[in-house]
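Step one of this worksheet: look at the structure below.
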Amino acid sequence: MSNMTGKVAVVTGAGSGIGRSAALRFAEKDASVLVSDISEKAGDETVKLIEEAGGKASFFKADVSDAAQVEAMVKAAIDTYGRLDYAVNNAGIGGEANSTADYSLEGWHKVIGINLNGVFYGLKYEIPAMLESGGGSIVNVASILGLVGFAQSPAYVTAKHGVMGLTKAAAIEYAQAGIRVNAINPGFIETQLLTDAGITPGSDLYAFLASKHAMNRLGQPDEIGKMIVMLCSDEASFVTGIPFPVDGGYTAQ
């Protein structure tokens, strides 16, 4: 894959998991990275990892469910590095486990606010910045649950399906302006999100989820981070508006 010297990337939810992996991979390709996360400690740790490897990065704290904070995040990237070429709208939460009729209103609005509205806010402010820079590439982190259903997760499934619609609409609107917009659809990945839900190696739920994948295992964050950076790179220059499953065969069954 060609390097990204002189390019600038913004990654949300970059304090851990898939977001951290993507940020590290952008820096490895010589892009400058604005690391964004709601956790300052986690974000600073990502910046430190990038700098220790010889890369360039800075941190900006942002809650993606707040449009003003997302706007400020993009402005910070421009103020710090002078342009924006790549964006990864990755920040997200799992939400409560409950059936649709029993799902709390508070839980619904929280998941939609972060996982769907947060992606819209990202697109709203990233696209104008990229137009100023002459084009760019955006990857929205959706999920296999943006392609199929899953019981006890109505808000998450709805939000991720919504991300797919946003991705396709924006891709069509800005294709001729030099901006590509794609979605990556990970299977279940070993991240803090699953750990917080009690899904850890050796547990029955972990084994159940692994069995849903043809490879009979969960994915690793870097298996997604690599593909995100590839989708942003010139190697994917004719790719826009697609769902890109990286799911160990989950949706092939």
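Over segment 143-205, what is the relative contact order in percent, taking alpha-carbon pairs closer than 8 angstrom and at least six residues apart?
That works out to 30 percent.
Using +1 on the beta carbon of Lys and Arg, -1 on that of Asp and Glu, and nothing else charged, what's the dipole of segment 160-229 about the Cα centre, debye to 20?
Charge dipole of segment 160-229: 260 debye, to the nearest 20.
When only Cα pairs under 8 Å and 6 or more residues apart are kept, what is the percent relative contact order across the chain?
About 20 percent, as a whole number.
Under a straight-distance cross-link criterion of Cα-Cα below 29 Å, which lysines are reachable from K29, leaving out those fewer than 8 residues away in the same chain?
K7, K41, K48, K56, K61, K75, K124, K160, K168, K226
Quickly rank 176-187, 20-31 as a protection proxy: mean count of other C-beta atoms within 10 Å, highest first.
Highest to lowest by the protection proxy: 20-31, 176-187.
To the nearest 20 debye, what charge dipole does the chain have about its Cα centre, counting +1 at the Cβ of each Lys and Arg and -1 at the Cβ of each Asp and Glu?
Its charge dipole is roughly 420 debye.
When we measure straight from the Cα of K212, which lysines land under 16 angstrom away, once same-chain ones fewer than 8 places off are left out?
In chain and number order, there are no partners.
For the chain, modelled as a Gaussian network with Cα springs under 10 Å, which listed residue fluctuates most, F120, F208, F59?
F208
Cut-off 10 angstrom, C-alpha nodes, Gaussian network model of the chain. Which of I127, I138, I242 fluctuates the most?
In this elastic network of the chain, the residue with the biggest mean-square fluctuation among I127, I138, I242 is I242.
Running a GNM on the chain with Cα contacts under 10 Å, which residue among L49, L205, L193 ends up with the highest mean-square fluctuation?
Greatest mean-square fluctuation among the candidates belongs to L205.
Every read-out reported here was derived from the displayed coordinates using simple, explicitly stated rules and does not represent laboratory data. Since the structure is predicted, the reported quantities are computational estimates derived from the model, not experimental observations. Quick reminder, even Gly has a Cβ in these numbers, built from the backbone with ideal geometry, and neighbours come from all protein chains shown.
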